[in-house]
1. Using the alpha-carbon atoms, what tilt in degrees (0 to 90, nearest 10) does helix 55-78 show relative to the longest principal axis of the chain?
2. I need to check one value: relative contact order of the chain, counting alpha carbon pairs closer than 8 Å and at least 6 residues apart, in percent.
3. Taking region 2-101 as the region of interest, what is the percent of Cα-Cα pairs per 5 angstrom bin, listed from the shortest bin to the one with the maximum distance?
4. Given the DSSP H assignment, sum -39500 (n - 2.57) over each helix run of at least 4 residues in the chain and divide by its residue total; what's the result at 222 nm in deg cm²/dmol, nearest 500?
5. For region 1-42, what does the equivalent ellipsoid look like in terms of its semi-axes, each the square root of 5 times an eigenvalue of the Cα gyration tensor, given largest first in whole Å?
6. Using the alpha-carbon atoms, what tilt in degrees (0 to 90, nearest 10) does helix 24-43 show relative to the longest principal axis of the chain?
7. Sticking with the crude label model, points 7 Å out along Cα→Cβ, report the distance from residue 3 to residue 60 in nm, one decimal please.
8. Taking one equal scatterer on every alpha-carbon of region 56-107, how large is log10 of I(q)/I(0) by Debye at q = 0.23 1/Å?
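Please treat every number below as a calculation from the coordinates, not as lab data. Since we're looking at a predicted model, the values are computed, not measured. Don't worry about glycine lacking a Cβ; one is built from the backbone with ideal geometry, like all the others, and counts go over all protein chains shown.
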């Protein structure tokens, strides 16, 4: 479930700046973080093997991306781009909520 929500957030960050007509700076920032989040989501689809991360590293990256999204939202808000503020703020809060509801432990299904 975590990877699916993270994947949807990543796709939204990649597509939304183009669909909403954000500035070039905001588009590059949002899409760049979106692509990083996409890679992180794909690395969470398996628990071992190539292309996967240890659970502790994934938790750390999740927290870092959430904080970066919130910081970027503040920066673009201060720069006078309220739409970029809204997009990045929603994505950052979504990531924080996802992190809060995720139990970072190996699945033994």
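1. Roughly 10 degrees, rounded to the nearest 10.
2. Rounded, it is 29 percent for the chain.
3. 2, 15, 26, 24, 15, 9, 5, 2, 0
4. -26500 deg cm²/dmol
5. In descending order the semi-axes read 20, 10, 5 Å.
6. The two axes meet at around 10 degrees.
7. If labels sit at residue 3 and residue 60, their model points lie 2.1 nm apart.
8. -0.76
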